[in-house]
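Structure first, then comments.
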Amino acid sequence: MDVPVFDRFGRRKIDNNQSKAVEKIATSEGTPDQSFLDKHNLDHNSSPINFFEAFCPTSLTDKWTTYTNHKAMLANAGQSGKAYPDFKPFTVHELRQHIGVRILHGLFPSPRIEMKFSPQAKDPINGNDFVSRSLGPNATRRHKHFRRFFACQNPVASPKPKKTHPLWKIDEFLCHVLAVSMLAWTCGNMISVDKQTIGFQGRHRDKLRITYKAEGNEFQCNALCSDGYTYCFYF
């Protein structure tokens, strides 16, 4: 696999073609793909948002914003309708803020996600000053709009048969993540295949009933991993 070459000062070497120098080595461990890192200007000093942008660029969330607003329009949401009369179309920036809150809630769960909208002076345990300041006083109601209408698939697209496409509502996003995941990593000689699960408490025909784990019922996929990185998956 290709790995970057550094000088004694820790700086990337430049080859004769004025490109960042790489060398080929054989290893049993996986490593980030160097061409992917160079394309997105990523290194060990990059912040998590830089990696998020590489996997989920603004062009993708731009489409999600269009889908979400279209779904709300089809439900007759807004001042002219009875459903959510206070609804206003989302901007790309606002939609990304609410996605960010969901990610934060996954990393640091609270009993209810709405608790994160409070300042820490009001709720020192679950409150978050940054979230409260960014989303404003109407955050709880606005997040209800987000949960009700968020869509990552075109809402006017014809639904595919559930027997052949059970995840058609999120297929577009899953295919994107799968493609980027394989571009971002180079597997070594040692790989592993196992099941991965995500906890889920609602109703869904594809939910797997698990009685022998404390986490409870979950969605499950098969995954090929390398050195802790999920290279590809199949639900």
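The values are calculated or read from the model by the stated rules, or taken from the named source; none is laboratory data. Just so it is clear, the model here is predicted, and its values are computed rather than measured. All Cβ positions, glycine included, derive from the backbone under ideal geometry; neighbour counts span all protein chains shown. Areas reflect the complete protein model, heavy atoms only, side chains present, ligands, DNA and RNA absent. Shrake-Rupley method; radii C 1.70, N 1.55, O 1.52, S 1.80 Å.
What number of residues within the range 92-132 are exposed (fewer than 12 other Cβ atoms within 10 Å of the Cβ), closer than 17 Å to residue 145 by Cα and β-branched (Val, Ile, Thr)? Count: 0. Listed conditions (1) closer than 24 Å to residue 90 by Cα; (2) not in a helix (DSSP H, G or I) are all met by residue 172, apart from (2).
The rows are residues; the columns are (1) in a helix (DSSP H, G or I); (2) touching a residue at least 24 places away in the same chain (Cβ under 8 Å); (3) not hydroxyl-bearing (Ser, Thr, Tyr).
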site	(1), (2), (3)
160	no, no, yes
165	no, no, yes
224	no, yes, yes
230	no, yes, no
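Here is a check on your reading of the model: is residue 170 closer than 27 Å to residue 131 by Cβ and either open to solvent by 100 Å² or more (accessible area, probe 1.4 Å) or of a type in the set (Asp, Glu) (or both)? For residue 170, the condition - closer than 27 Å to residue 131 by Cβ and either open to solvent by 100 Å² or more (accessible area, probe 1.4 Å) or of a type in the set (Asp, Glu) (or both) - is not met.
Any idea which residue in the range 183-222 is farthest from residue 51 (Cα to Cα), counting only those that are in contact with a helix residue (DSSP H, G or I) (Cβ under 9 Å, 6 or more places away or on another chain) and not in a loop (DSSP other than H, G, I, E, B)? Lay out the reasoning, then the answer.
So in the range 183-222, the residues in contact with a helix residue (DSSP H, G or I) (Cβ under 9 Å, 6 or more places away or on another chain) come out as 183-186.
In the following step, the residues that additionally are not in a loop (DSSP other than H, G, I, E, B) were identified as 183, 185-186.
Details: 183: 13, 185: 13, 186: 16 Å.
The extreme case among them is 186.
Kindly establish whether residue 29 is touching a Gly at 6+ places or on another chain (Cβ under 7 Å) and at pLDDT below 85. Please lay out each step first, then the result.
Values: touching a Gly at 6+ places or on another chain (Cβ under 7 Å): yes; at pLDDT below 85: yes.
Yes; evaluated as a whole, the condition is true for this residue.
Please verify whether residue 154 is in a loop (DSSP other than H, G, I, E, B), polar (S, T, N, Q), surrounded by 11 or more Cβ atoms within 10 Å (Cβ to Cβ) and out of contact with any Cys (no Cβ under 6 Å at 6 or more places or on another chain), treating the condition exactly as stated. So that I can check it myself, show each step before the final result.
Working: in a loop (DSSP other than H, G, I, E, B): yes; polar (S, T, N, Q): yes; surrounded by 11 or more Cβ atoms within 10 Å (Cβ to Cβ): yes; out of contact with any Cys (no Cβ under 6 Å at 6 or more places or on another chain): yes.
Judged against the criteria, residue 154 is a match.
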